[in-house]
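What follows is a set of notes on a single structure, which appears directly below.
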Amino acid sequence: DKGTYPHYMLKEMDEQPAVVRRITQKYENEAGQLTIDPAIQQAIQEADRLYIIAAGTSYHAGLIGKQYFEKLAKIPVEVHIASEFGYNMPLLSKKPLFIFISQSGETADSRQVLVKVKELGYQALTMTNAPGSTLSREADYTLLLHAGPEIAVASTKAYVAQVAVLAITAYVVADQPEIELKKELGIAANAIQSIIDRKEEFAKLAESFLATTRNAFFIGRGMDYYVSMEGALKLKEISYIQAEGFAGGELKHGTIALIEDGTPVIALATQKEVALNLRGNVKEVVARGANPCIISMEGMEEANDAITIPHVHPLLSPLAAVVPVQLISYYAALQRGCDVDKPRNLAKSVTVE
Ligand code: F6R
C-alpha cells in the first residue's frame, strides 16, 4: 500500500533511513556488536576469492561490495554481470565463494549461474530481500536485506540495503576493520534523511537540468564512479533520457565528443583524494558547453556546487550520494510525464535469460 504517496518509488526512497537503521539492528548481537551467521562468516573467511554475481542495480551494489571486501577484509573479489558469466566464465581460484546479490531472488540470469556453480560443487551465498526466493533456497547461505517489499520497478531502498549489508558483511569478516561501522551507518542514515527532507531542491534541479534534454552524463571517481553508473540507470529507466555513468577520467578518451551546448553533466564529488581531478573533469566538459550539476560532500564543497550532502564516511558515501540521483531521476520522470512506478518495457523481476 502506498498510503498517501503518489508513487511507490517516492515512498521507498523515503524509507531509506529506516532501512539502514533496521539493518543495523537486525545484524546486531545482544552486546550491540554487528554480526552475521558464524557459518557464513567462516565460509567467507575460508574463501580465497569472492565472486559477486548480479544484474542491473544489484550489480552496481556489487561493485561497491568489492571495495568493502578488499579494503576492509583484504579478500580479493571479482564482480560479474550474471548474464555474461555463464559463457564467459573466468578461471576460478582454488577456493571460490559465490555471492549472488538479488533484490527479488528470482532473476533468471543470476539463477542460471547459481545452478552452474552448484553443479561444479562450489558454495554460494545469496543476499536477497526475498526470504524463500529461488536464489535463497538454492544457495547454501542467505543474508537478508530487510528492506521491506519493493514495489516500484526502479530499485532504490533495496540498493541502499545491499550496500549496507555488504558493508556489514565485509566488516564482520575483517580482522581489524578500520572503521566504526555501526556509528558510521547511523551517521549515513541521518544524512539520507536530511537529503530526503530537501526534496524541492531536487525537483527544481531536475526541472532546470533535465526538462527537455535528450541525454545526460553522470561522472565520478572511485566510489562515486559506481554511484554514477547507478544514477544513469535510474535516470534512463524511468525518464527515458539516454544517460551514461562514466569514470571521471574516462570521458576525455572519446565520449567527451558527445558534449554539446547544454548537455547535462551530473558530477559526484564525495571522495576527497580524487575531488580535485574530478573537478578538473568538470572544467573540461564545461569548456565544451556542458551544463554541470556538482553534488559534493560537506567539507569539500565549493561555491557553485548544486548540492552538498552531509558528511559521511568515504566508504559509506554511496549510501548518501545515491539519494540525490534517485530524487533527480524521480522528478525528471515525473516532469516529463512518465509512469514512474511502471516504466515501459520493464518488469520488477526478470525471469527470462
Ligand atoms: C533497476 C532494477 C534492475 C534490477 C535487476 C536485478 O532499478 O531494478 O536493474 O536491479 O533486474 O534484479 P534483482 O536484484 O531482483 O536480481
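The values are calculated or read from the model by the stated rules, or taken from the named source; none is laboratory data. Since the structure is predicted, the reported quantities are computational estimates derived from the model, not experimental observations. Reconstructed Cβ throughout: ideal geometry from the backbone, glycine too, with neighbour counts over all protein chains shown. Surface areas here come from the heavy atoms of the whole protein model, side chains and all, with no ligands, DNA or RNA. Shrake-Rupley method; radii C 1.70, N 1.55, O 1.52, S 1.80 Å.
Enter the per residue convex hull volume of region 201-353, computed from alpha-carbon coordinates, in Å³ rounded to the nearest integer.
121
Using a probe radius of 1.4 Å on heavy atoms only, what accessible surface per residue do you get for the chain? Whole Å² is fine.
Heavy-atom accessible area per residue stands at 41 Å².
Return the lysines within reach of Lys182: Cα separation strictly under 18 angstrom, same-chain partners fewer than 8 residues apart disregarded; answer none if there are no such residues.
Within the straight-line cut-off, Lys182 pairs with Lys26, Lys71.
In region 1-97, which trypsin sites (Lys or Arg not before Pro) fall in coil by DSSP and have 11 or fewer other Cβ atoms within 10 Å?
Filter output for region 1-97: Lys74, Lys94.
Starting at the first residue of region 31-38, write each ³J(HN,Hα) from the Karplus equation 6.51 cos²θ - 1.76 cosθ + 1.60 with θ = phi - 60°, in whole Hz, x for Gly and Pro.
7, x, 9, 5, 8, 10, 3, x
Mind listing the phi-derived Karplus ³J(HN,Hα) values for region 235-240, rounded to whole Hz, using 6.51, -1.76 and 1.60 with θ = phi - 60°, and x for any glycine or proline?
4, 5, 5, 9, 10, 6
Which chymotrypsin sites (Phe, Trp or Tyr not before Pro) in region 78-141 sit in a loop by DSSP (not H, G, I, E or B) and have at most 15 other Cβ atoms within 10 Å of their own Cβ?
Those that pass, being in a loop and sparsely packed, are Tyr87.
Rounded to the nearest 500 deg cm²/dmol, what is the calculated helix-only ellipticity per residue at 222 nm for the chain, with -39500 (n - 2.57) per DSSP H run of length n ≥ 4?
Helix contribution divided over all residues of the chain: -14500 deg cm²/dmol.
In debye to the nearest 20, how big a dipole does region 285-353 give about its Cα centre with +1 on each Lys and Arg Cβ and -1 on each Asp and Glu Cβ?
360
With no solvent and one equal point scatterer placed on each C-alpha of region 84-243, evaluate the Debye formula and give log10 I(q)/I(0) for q = 0.10, 0.15, 0.18 Å⁻¹, two decimals.
Here the Debye-derived log intensity ratios amount to -0.50, -1.05, -1.32.
With a 10 Å radius around each residue's Cβ, average the other Cβ atoms per peptide and rank 221-229, 124-132, 208-216, highest first.
The packing order, highest mean first, is 221-229, 124-132, 208-216.
Based only on the alpha carbon positions, what is the Kirkwood hydrodynamic radius of region 223-306, in angstrom?
About 13.0 Å for region 223-306.
First obtain the Kirkwood hydrodynamic radius of region 151-251 from its Cα pairs, then insert it into the Stokes-Einstein equation at 10 °C and 1.306 mPa s, and state the resulting D in µm² per second as a whole number.
101
Could you tell me the largest-minus-smallest coordinate of the C-alpha atoms of the chain on each of the three principal axes, in descending order and whole angstroms?
Extents along the principal axes, in whole Å: 55, 46, 42.
Which of the lysines could a cross-linker bridge to Lys74, judged by Cα under 19 Å and excluding same-chain residues fewer than eight apart?
Answer for Lys74, where 19 Å is the Cα cut-off: Lys66, Lys94, Lys95, listed by chain and number.
Taking amide H positions as placed 1.01 Å from N in the peptide plane, with prolines and chain starts having none, which residues 5 or more places from Asn291, or on another chain, fall under 5 Å of its amide H?
It is Gly262, Thr263, Val265, by chain and number.
Between His311 and Lys283, what is the FRET efficiency for a Förster distance of 25 Å, r being their Cβ-Cβ separation, to the nearest 0.05?
Working from the Cβ atoms, E equals 0.55.
Calculate how large, on average over all directions, the projected area of the Cα convex hull of region 288-353 is; give the answer in nm² to one decimal.
7.8
Give the lysines whose C-alpha is closer than 18 Å to that of Lys11, dropping any in the same chain fewer than 8 places away, or say none.
Of all the lysines, those that pass the test against Lys11 - Cα under 18 Å, at least 8 places apart if same chain - are Lys2, Lys157, Lys199, Lys234, Lys342, Lys348.
May I ask you to give the average projected area over all directions of the convex hull of the Cα atoms of region 1-108, in nm² rounded to one decimal?
So the Cα hull casts an average projection of 9.2 nm².
Along region 219-230, what does the Karplus equation 6.51 cos²θ - 1.76 cosθ + 1.60 (θ = phi - 60°) give for ³J(HN,Hα), rounded to whole Hz, x for Gly and Pro?
Here the 3J(HN,Hα) series is 10, x, 10, x, 3, 5, 4, 5, 5, 4, 4, 5 Hz.
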